[in-house]
């Protein structure tokens with residue numbers, strides 16, 4: 001792919017998935033746009049074995065944008081990093097096509113092991129603000145990671161994960177066909193609230209049953225008193 005074609009595709013990705021964009025010129029101000037240009041340059045140098053030069057390019061981009069992408073990471077087409085401040089993508093991370101990352105996302109490793117130590121994100125994955133995906137495993141196609149989640153194990157395709165540690169709360173409920181249709185970070189299941197509501201229902205039933213038992217006991221006492229008279 002030529003440089004001009006790559007720039008056109010990056011511009012179109014941001015315009016399609018960010019409703020705040022009012023003109024094409026605004027795209028050139030976006031940290032995500034600038035960091036992806038730097039990443040492509042750094043990745044080419046990394047593949048050629050020029051590791052210091054690759055890291056130099058990536059670290060300059062990290063200081064300017066707040067987004068740190070290791071030049072060894074493998075990134076497909078259509079990656080969209082919204083806002084982007086604090087995003088970290090590790091060396092052995094693999095990112096598929098049409099993936100969306102929000103601010104504060106970390107694709108990290110565990111410890112100092114060698115080889116593949118960072119996660120793989122398949123096509124159409126969305127990772128919400130502040131989420132941490134730690135370890136060498138796969139996040140399946142069309143999955144969503146909720147804001148602030150900490151994911152430490154593999155996620156099948158078409159799942160929604162929330163919480164610390166991350167728990168799958170939806171699977172195969174709805175298949176995402178277009179990445180721009182999967183940008184909703186708000187209407188995600190809340191397992192903690194569901195547990196609280198279930199406890200409230202149980203508590204209400206117990207209170208009702210206790211009231212019935214009290215009435216029965218009182219009625220029994222009245223009968224005994226009447227019989228004794």
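The values are calculated or read from the model by the stated rules, or taken from the named source; none is laboratory data. As the structure is a prediction and not an experimental result, all values here were calculated from the model. Using ideal geometry, Cβ is built from the backbone for each residue, glycine included, and neighbour counts are taken over all protein chains shown.
Looking at 140, 76, which is the one that is in contact (Cβ under 8 Å) with a residue 24 or more places away in the chain and surrounded by fewer than 19 Cβ atoms within 10 Å (Cβ to Cβ)?
76
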Pairs needed: first member in the range 17-30, assigned by TED's automatic domain parsing to the domain that holds residue 7; second member anywhere, in a helix (DSSP H, G or I) and modelled with pLDDT of 80 or more; C-beta distance under 7 Å; at least 6 residues apart or different chains. 21/14; 21/27; 24/11; 27/11; 27/14; 27/33; 30/14
Search result, residues across the range 8-32 that are over 17 Å from residue 101 (Cβ atoms), outside any helix (DSSP H, G or I) and touching a helix residue (DSSP H, G or I) at 6+ places or on another chain (Cβ under 7 Å): 21
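Name the residue, out of 226, 158, 173, that is modelled with pLDDT under 80 and assigned by TED's automatic domain parsing to the domain that holds residue 137.
Of 226, 158, 173, the one residue that is modelled with pLDDT under 80 and assigned by TED's automatic domain parsing to the domain that holds residue 137 is 173.
Based on this model, can you work out whether residue 5 counts as out of contact with any strand residue (DSSP E or B) (no Cβ under 8 Å at 6 or more places or on another chain), surrounded by fewer than 18 Cβ atoms within 10 Å (Cβ to Cβ) and either in a helix (DSSP H, G or I) or not assigned by TED's automatic domain parsing to the domain that holds residue 77 (or both)? Spell out how you get there, then give the answer.
Values: out of contact with any strand residue (DSSP E or B) (no Cβ under 8 Å at 6 or more places or on another chain): yes; surrounded by fewer than 18 Cβ atoms within 10 Å (Cβ to Cβ): yes; either in a helix (DSSP H, G or I) or not assigned by TED's automatic domain parsing to the domain that holds residue 77 (or both): yes.
Answer is yes for this residue.
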Residues 34, 64: which one is in the same structural domain as residue 100 (by TED's automatic domain parsing), surrounded by fewer than 17 Cβ atoms within 10 Å (Cβ to Cβ), within 16 Å of residue 85 (Cβ to Cβ) and touching a residue at least 24 places away in the same chain (Cβ under 8 Å)? 64
Given (1) within 20 Å of residue 104 (Cα to Cα); (2) more than 22 Å from the chain's Cα centre (by Cα), number of the condition residue 39 does not satisfy: (2)
Return yes when residue 83 is under 30 Å from residue 4 (Cβ atoms), assigned to a loop (DSSP other than H, G, I, E, B) and assigned by TED's automatic domain parsing to the domain that holds residue 28 and no when it is not. yes
